[in-house]
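The values are calculated or read from the model by the stated rules, or taken from the named source; none is laboratory data. Everything numeric here is computed off the predicted structure, so don't read it as measured data. Cβ atoms come from the backbone with ideal geometry, glycine included; neighbour counts cover every protein chain shown. The protein model used for the area step is the full one, side chains on, heavy atoms only, and it has no ligands, DNA or RNA in it. Shrake-Rupley method; radii C 1.70, N 1.55, O 1.52, S 1.80 Å.
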Amino acid sequence: MELLADIWKMKSLERLIIVGNQVSEFPDQAAELVNLRVLDTKRKQISDLTLICMLPQIYSLSADHDWVHALDLVLGPDMHTLVASRSDIIQLSLVSGPMSNPPYSLSELDLFYVKLSFLDNLVFIQLFSLRNLKLDHNSIRSIPDSLGDLKWLATSSLS
């Protein structure tokens, strides 16, 4: 199911909550939401968050209980909080995009109860603004050395 076409014309929209419905993808027109700061997409069949993560003003994205399998982070310049817990994420990577050049401002990453077994050292090297990291209830076998280099990390939960 696609969202109504008119919602993507709301260029001044700053907050959008689309929780618990049959939305399965974001159309290309979602790139028009240039002022969107907060998006809550819990409990949907969305498997790709790349387009939303690249929005120039996006600050907070909550995608709990979604169908995301590979989380390819293409972070916009203002992305501060990303919550994608209780999803089927088996892979986490950081990908360059048109507006996603280091330094990244992501300070909170919440991926508890996903299906990660591996953490890429290169991802955390670039997330040096990270302050809160939640990776509880995964199958992670080893902790990357780069976590020790995160000088702003105040809370890390890896149980």
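Would you mention how many residues in the range 31-71 are under 22 Å from Asp136 (Cβ atoms) and of a type in the set (Asp, Glu)?
3
Can you find a residue in the range 132-142 that is open to solvent by 10 Å² or more (accessible area, probe 1.4 Å), over 18 Å from Thr50 (Cα atoms) and under 15 Å from the mean Cα position of the chain (by Cα)?
Looking through the range 132-142, at least one residue is open to solvent by 10 Å² or more (accessible area, probe 1.4 Å), over 18 Å from Thr50 (Cα atoms) and under 15 Å from the mean Cα position of the chain (by Cα).
Consider the range 73-110. How many of its residues are in contact with a helix residue (DSSP H, G or I) (Cβ under 8 Å, 6 or more places away or on another chain), modelled with pLDDT of 90 or more and either part of a loop (DSSP other than H, G, I, E, B) or open to solvent by 60 Å² or more (accessible area, probe 1.4 Å) (or both)?
Of the residues in that region, 1 qualify.
Filter the range 21-51 for residues that are among the aliphatic types (A, V, I, L, M) and farther than 16 Å from Asp78 by Cβ and give the result.
Val23, Ala30, Ile46
Identify, by number, the condition in (1) aromatic (Phe, Trp, Tyr); (2) at pLDDT 85 or above; (3) more than 20 Å from Met10 (Cβ to Cβ) that Tyr59 doesn't meet.
Evaluating Tyr59 over (1) aromatic (Phe, Trp, Tyr); (2) at pLDDT 85 or above; (3) more than 20 Å from Met10 (Cβ to Cβ) leaves (3) as the failure.
Restricting to the range 1-27, name every residue that is part of a helix (DSSP H, G or I) and either farther than 26 Å from Ser105 by Cα or among the acidic types (Asp, Glu) (or both).
Ala5, Asp6, Ile7, Lys9
With respect to the numbered conditions (1) touching a Ser or Thr at 6+ places or on another chain (Cβ under 6 Å); (2) over 27 Å from Val19 (Cα atoms); (3) open to solvent by 70 Å² or more (accessible area, probe 1.4 Å), which one is the sole condition not fulfilled by Leu122?
(1)
Could you give me the residue pairs with C-beta distances under 6 Å whose first residue belongs to the range 56-83 and is closer than 11 Å to Ser105 by Cβ, whose second residue is open to solvent by 20 Å² or more (accessible area, probe 1.4 Å) and among the aromatic types (Phe, Trp, Tyr) wherever it lies, and which are 6+ apart or on separate chains?
Cβ pairs passing all conditions: Asp78/Tyr59; His80/Tyr59.
Return the residue satisfying two criteria in turn: it lies in the range 28-53 and is part of a loop (DSSP other than H, G, I, E, B) and modelled with pLDDT under 85, and of such residues it is surrounded by the fewest Cβ atoms within 10 Å (Cβ to Cβ).
Gln45
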